[in-house]
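Below is one structure, written out as structure tokens; comments come after it.
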């Protein structure tokens, strides 16, 4: 077991280098799973098997809302868990394999949705019902591992500095897993499509099979990385003997003012998530014409810029926290990022013939995506840190340490924001008619060797893609600072609280 020194000179229990590494690798694997579903499945349902855009958004939104409210239930279960492995670790040992299986099942549907048959046709009903069932099942299973994986960070160390470092770099490793998937899974699926098209005789069927194969490959990699976290990570912060019921936990989450502010900020900032949901569609249809090599190139240029911005800001976040208050960094990052988000759509509208494929415009877009990613990285790190601080605040106020319940709030935010963002996307696509039969028409147009970007008939579809990745996120940045503008837990006060908590813990251990 490693130790760390507190500002008062007391020795604090903390994680080892090996545990830290295995935790990071597990996070990368878990986020591969998350983005197989969050990125590839959404695209697959709408643009490959042709489920109507609004139907997809309803499936995703309702499932996410249910799953989000399911999170505090799981958090309550975690906080009531007492085992020889601890409070969070038992779930990390046993959940990765079921997630692997259900992730693959999400892509094994009954074929293609046929808009000409109508929504009540049994074939279409089965396709939609299967998509909804497997997605809900996946979300519930994922939650069983997600809350303990983030909650254990508050239990691996007594040191605030070590926890800040762990969570800052945890976000980087989570983004590594997300980036691996986001930057490559569609291109891999398109590559399998091109390899299979002659054998199956249909580009549409080959693409469907390509996504299934890609899901299997990425899910196996995600499992191999995720599982070690359960084997090697240890818990060191002692659990409080008392815990709350589910009803009491809902009241607790709302009563804790710092946590409530973070929760509201995350929900109001939901439109920011539209950029990640629509980025792959933007690249596939506007830049790459669904060509695997072009898709890989442009997703590396634009998506890569976004992730490099995230990685850089997450890496320097611990240094920034030594100079600035968490509240100042969080609010400032949101406000500054309004400019690059909005500029993406304005650039598209201002460019001659709406052509952003020249080297000059691609470079400008990459810079804008980098700036968006930089701000995104700062706010995501701070969200985790501020939730961890709220756990300390609650232990100080009530004597109960709700690690599981409060970190369920982080997954609650992620799922609610994704659900709301999916609805925004579905409404936007439906507003211009970029759905089911029209998607099939555009796919056939591309398969015939043409580019929809150059066809005036499809210009509204291209415009809505740029709108989705730009304007809703800019609005989300504005909304997200409203609850945290007067954040209730200053860094100085949290430092005092944590010093008192550690002193009390060590006194109790010495007495025992």
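Any read-out appearing in this document is the output of simple, stated calculations on the displayed coordinates, not a laboratory observation. Every value quoted in this text rests on a predicted model; they were computed, and no experiment measured them. Note: ideal-geometry Cβ built from the backbone for every residue, glycine included; neighbour counts use all protein chains shown.
Taking a cut-off of 17 Å, what percent of all Cα-Cα pairs in segment 431-502 are separated by more than that? Could the numbers behind the result be given before it?
Details: 1674 of 2556 pairs.
More than 17 Å apart: 65 percent of the Cα pairs in segment 431-502.
Taking the inverse of the mean 1/r over every pair of distinct Cα atoms in segment 358-397 gives a Kirkwood hydrodynamic radius of 12.3 Å.
Each 10 Å bin from zero holds the following percent of Cα-Cα pairs in segment 89-233: 10, 29, 31, 18, 9, 3, 0.
Once every Cα of segment 42-163 carries one equal point scatterer and solvent is ignored, give the base-10 log of I(q)/I(0) from the Debye formula at q = 0.17, 0.21 Å⁻¹, two decimals. Results for segment 42-163 at q = 0.17, 0.21 Å⁻¹ read -0.87, -1.12.
Test of understanding: express the Cα radius of gyration of the chain as a ratio to 2.2 N^0.38 Å, with N the residue count.
Values: Rg = 23.0 Å, N = 512, 2.2 N^0.38 = 23.5 Å.
Normalised Cα radius of gyration, the chain: 0.98.
Write down the Kirkwood hydrodynamic radius of segment 384-512, to one decimal in angstroms, obtained as one divided by the mean of 1/r over all alpha carbon pairs. Mind dumping the intermediate values first?
Numbers: mean 1/r = 0.0519 Å⁻¹.
In segment 384-512 this quantity evaluates to 19.3 Å.
The alpha carbons of segment 266-319 give a radius of gyration and a Dmax of 13.8, 42 Å, in that order.
If packing is taken as the mean number of other Cβ atoms within 10 Å per residue, what is the order of 488-501, 102-115, highest first?
Working: 488-501: 15.8, 102-115: 19.1.
Ranking, from highest mean packing down: 102-115, 488-501.
Once a ≥ b ≥ c are taken as the square roots of the eigenvalues of the Cα gyration tensor of segment 167-300, is the result rounded (a/c under 1.5), prolate (a/b larger than b/c) or oblate (a/b not larger than b/c)? Prolate is the answer for segment 167-300, as a/c is 1.5 or above and a/b outweighs b/c.
For segment 21-87, what percent of Cα pairs sit more than 20 Å apart?
On the way: 1192 of 2211 pairs.
The answer is 54 percent, as a whole percent.
The Cα center of segment 483-500 and the Cα center of segment 350-394 differ in position by 26 Å.
Quick one, can you get me the convex hull of the C-alpha atoms of segment 287-368 expressed as volume per residue in Å³? Present the calculation step by step, with values, prior to reporting the outcome.
Working: hull volume 8.3 nm³, N = 82.
Hull volume over Cα atoms, normalised by residue count, gives 102 Å³.
Normalising the Debye intensity of segment 216-374 to I(0), with uniform scatterers on Cα atoms only, and taking log10 at q = 0.13, 0.15 Å⁻¹ returns -0.92, -1.08.
Rounded, prolate or oblate: which fits segment 332-443, taking a ≥ b ≥ c as square roots of the Cα gyration tensor eigenvalues, rounded meaning a/c under 1.5, else prolate when a/b beats b/c? Oblate is the answer for segment 332-443, as a/c is 1.5 or above yet b/c matches or exceeds a/b.
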